[in-house]
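The values are calculated or read from the model by the stated rules, or taken from the named source; none is laboratory data. Note that the structure is a prediction, hence the values are computed from the model and not measured. When the accessible area is computed, the model is the full protein with side chains, heavy atoms only, and any ligands, DNA or RNA have been set aside. Shrake-Rupley method; radii C 1.70, N 1.55, O 1.52, S 1.80 Å.
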Amino acid sequence: MLVVWIAVPVLCLVVLGVLAHGLLGAFQRLGRELEAAERDARPVLEQAQATAARAAELQAGGRQADAG
């Protein structure tokens, strides 16, 4: 019976260790995936911001021409 009392907590600790190792690995992979997605999306975001700035500039120029 003493063997059971020793084996059960040891087995529980092993299972918890495996789960913790899996979760930490998953979080590291998620971080790498997010960094890669940001690298891929950065040029598109910069282009969209430049386009929005140019559109705002053209609208401001059109308003000045209407007012003047």
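Kindly report the accessible area of the chain per residue (heavy atoms of protein chains, probe 1.4 Å, no ligands, DNA or RNA), in Å².
On the way: 6210 Å² over 68 residues.
It amounts to 91 Å² per residue over the chain.
Rg and Dmax of the chain over Cα atoms: what are they, in angstrom?
So, for the chain, Rg and Dmax equal 28.7, 96 Å respectively.
Can you tell me how much longer the chain between Leu19 and Gln49 gets when fully stretched, taken as 0.36 nm per residue apart minus their C-alpha distance, in nm with one decimal? Write out the running numbers ahead of the final one.
Working: separation 30, 0.36 × 30 = 10.80 nm, distance 4.27 nm.
This chain segment gains 6.5 nm when fully extended.
Of all the accessible heavy-atom surface of the chain, with the other protein chains kept in place and a 1.4 Å probe, what percent is carbon and sulfur?
Values: 4270 of 6210 Å².
In the chain, the share of accessible area belonging to carbon and sulfur is 69 percent.
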